[in-house]
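What follows draws every value from the coordinates through simple rules; no lab data is involved. Just so it is clear, the model here is predicted, and its values are computed rather than measured. FYI the Cβ positions are ideal-geometry reconstructions off the backbone, even for glycines, and counts take in every protein chain you see.
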Amino acid sequence: MVASFIQLSYSQYNLIPDSSFEKNKGIPLTYSAIDYSGSWTSATRATPDLFCQCSKKQAKESKVNVPNNSMGQQEAYSGKCYAGIFLVSHSYYREFIQTNLNSPLEAGKEYTFKMQVSLSDYSPLASDKIGVCFLNSTLKLPHSDPIVNLQPNYISLEEEVGLDVNDWHELSFRYKAKGGESALLIGSFAIKRIWKTGNTPPNEISSPIYKRIDRDAYYYIDDVCLYEYKPEKIDTSDVGETPYFANQIQEKPEEIIVAPDTVQKMNFNEVVSLNNVFFKSGEDILTPESFAEINILLVYLKARPNLRIELFGHTDNSGDEASNQLLSQKRAEAIGNYLIKKGISEIRIKAIGYGSSKPIDSNLTESGRKANRRVEFNLIEN
């Protein structure tokens, strides 16, 4: 019997009028020039940037040249231009870019959104996510703070971009239209975590990125695309199940505005407890709320190939010690296996179960037993 499944398919009509920021009124030579674009604008008083390849003569004075500019070095993903925004900066400063769509979205139809994102070389901070919002019209707000009271679709930057400053990364999600949406808005509506990257502009380069303290997270954006999603059935005799990616649902994390000086710090060569990693009772199965904290480890391991990680599982003294030792080992291995599935080499991961042999609190109270049921880690620099 011939099986069939749903495969991703896109119409060829991109609803973004200038997806790669090429149709501009001129070639900008300095910052804050998103208005040079014929399609893209700022949604607030903040001033996003437009980067374009210049002539050799212009490049000597340009601060927004491609590939070398005051934020770093990056070739355009396609064409000769791209945009740039601060997802985090001084005080609560944020930047947003927006554009009208070629035609309004139709109620009930699904659309696939894609864009290329790159963390800039000189960005001292990295953010955990970026937001995309579909609106009935563009905005012009009299401030440069986060835009609130909207319902953006968040895309995680942790796993796909992390602290990498070299490559473009494709971010995407599916969106079911309410009907009438005719504008697209991109920016940092809310964040939960930001990290220090260890990067900063060289002393000889003048940059809007502040050099004295780590307050800025800056990202390049290119090739923004929006296509109507059209599933089509195809016959297959070898594949009998739906591809995993076809059933993904875009989750919307709780919106929290985080002050720019709230930086997630990671200690190396020091044993630290994972406080928000949870397992099903008596099992080694991670619960979904555990992934956010484990993803912090993932960001650092991906960005620093010289790091390896040791994971230590612990239990309280309930039950027999042989069972406790086995459970603690499997729980440590569960976190290691999650990291491996996300691309970390298994030779960089070591999992050890100690059972109840290393309590940090009394096993005579429930609160003490809870503290003893833990997984710890140690990031080791080679």
*Label point 7 Å out from N102 along Cα-to-Cβ: which residues of the range 28-69 have amide N under 18 Å?*
38-40
*At what distance in nm do the modelled label points of Y13 and E110 sit from each other, each positioned 7 Å from its Cα along Cα→Cβ?*
2.0 nm
*Tell me, what ³J(HN,Hα) does each residue in the range 360-377 have, in order and in whole Hz, if you take phi through Karplus 6.51 cos²θ - 1.76 cosθ + 1.60 with θ = phi - 60° and put x for Gly and Pro?*
10, 8, 6, 8, 8, 10, 5, 5, x, 5, 4, 5, 6, 7, 8, 10, 10, 9
*Tilt of helix 321-341 relative to the longest C-alpha principal axis of the chain, in degrees (0 to 90, nearest 10)?*
20 degrees
*asked:* How much length would be gained if the chain were fully extended between S91 and N276, taking 0.36 nm per residue of separation minus their Cα-Cα distance, in nm to one decimal?
replied: 63.8 nm
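Using a simple charge model, +1 on the beta-carbon of Lys and Arg, -1 on the beta-carbon of Asp and Glu, nothing else, what dipole does the chain show about its Cα centre, in debye to the nearest 20? Can you show the working numbers first?
Values: 41 positive and 48 negative charges, 158 e Å.
In debye, rounded to 20, the chain gives about 760.
Give me W195, W168 sorted ascending by neighbouring Cβ count inside 10 Å, so fewest comes first.
Fewest-to-most Cβ neighbours within 10 Å comes out as W168, W195.
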*Any chance you could check the Cα centroid distance between the range 195-233 and the range 337-382 for me, in angstrom?*
34 Å
_Summed side-chain charge close to A351 - residues other than A351 whose Cβ falls under 13 Å, Lys, Arg +1, Asp, Glu -1_ = 0
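Using a 10 Å cut-off around each Cβ, can you sort I194, I155, I205 from fewest to most neighbouring Cβ atoms?
In order of increasing Cβ crowding within 10 Å: I205, I155, I194.
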*Go through the chain and flag any cysteine with no other cysteine's C-beta closer than 4.7 Å, please.*
C54, C133, C225
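What is the calculated FRET efficiency for V148 to K178, with r their C-beta to C-beta distance and R₀ = 30 Å, to the nearest 0.05? Intermediate values should be presented prior to the final figure.
Details: r = 19 Å, r/R0 = 0.65.
The computed FRET efficiency comes out at 0.95.
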_Inter-site label distance for K196 and S39 at 7 Å from Cα along Cβ, in nm_ = 4.1 nm
*Using 1/(1 + (r/R0)^6) with R0 = 45 angstrom and r between the beta carbons of Q53 and S323, what's the FRET efficiency to the nearest 0.05?*
0.10
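Net charge around E283, counting only other residues with Cβ within less than 13 Å of its Cβ (Lys, Arg = +1; Asp, Glu = -1)?
Counting the neighbours of E283, the net charge comes to +2.
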*How high is the relative contact order of the chain, in percent, with contacts defined as C-alpha pairs under 8 Å that are six or more residues apart?*
19 percent
*P(r) tail fraction, the chain - alpha-carbon pairs more than 30 Å apart, %*: 48 percent
*So for the pair H169, K230, with labels modelled 7 Å out along Cα→Cβ, what separation do we get in nm?*
3.2 nm
*Out of N65, A83, S188, whose Cα points farthest toward the positive end of the dipole of the chain (charges: +1 Lys, Arg; -1 Asp, Glu; placed on Cβ)?*
N65
_Taking R0 as 41 Å, what FRET efficiency do you get between R212 and S78 from their Cβ-Cβ distance, rounded to the nearest 0.05?_
0.70
*Using θ = phi - 60° and the Karplus curve 6.51 cos²θ - 1.76 cosθ + 1.60, what whole-Hz ³J(HN,Hα) does each residue of the range 346-355 get, with Gly and Pro shown as x?*
5, 6, 8, 10, 10, 10, 10, x, 10, x
*Read phi for every residue in the range 160-174 and hand back ³J(HN,Hα) as whole Hz from Karplus 6.51 cos²θ - 1.76 cosθ + 1.60, θ = phi - 60°, with x for Gly and Pro.*
7, 9, x, 9, 6, 10, 8, 10, 7, 10, 7, 10, 8, 6, 9
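By DSSP, what percent of the beta bridges with both residues in the chain are antiparallel, rounded to the nearest 5?
On the way: 65 of 71 bridges.
Once the DSSP bridges in the chain are tallied, antiparallel ones form about 90 percent.
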*Just from its helices, what would the mean residue ellipticity at 222 nm be for the chain, if runs of 4 or more DSSP H residues each count -39500 (n - 2.57) and the sum is divided by every residue, rounded to the nearest 500 deg cm²/dmol?*
-3500 deg cm²/dmol
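If you restrict to DSSP beta bridges whose two residues both lie in the range 272-381, what percentage is antiparallel, to the nearest 5?
Details: 11 of 16 bridges.
So the antiparallel bridges in the range 272-381 amount to around 70 percent.
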*What is the helix-to-structure angle for 291-303, meaning the angle in degrees between its Cα long axis and the longest Cα principal axis of the chain, kept from 0 to 90 and rounded to the nearest 10?*
70 degrees
*Go ahead and collect, in residue order, the members of the range 174-212 whose backbone nitrogen is under 13 Å from a label point 7 Å along the Cα-Cβ direction of E61.*
none
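Arranged by the count of other C-beta atoms within 10 angstrom, fewest first, what order do V375, V88 take? Please list the in-between numbers first.
Working: V375 24, V88 29.
Sorted ascending by nearby Cβ count, the order is V375, V88.
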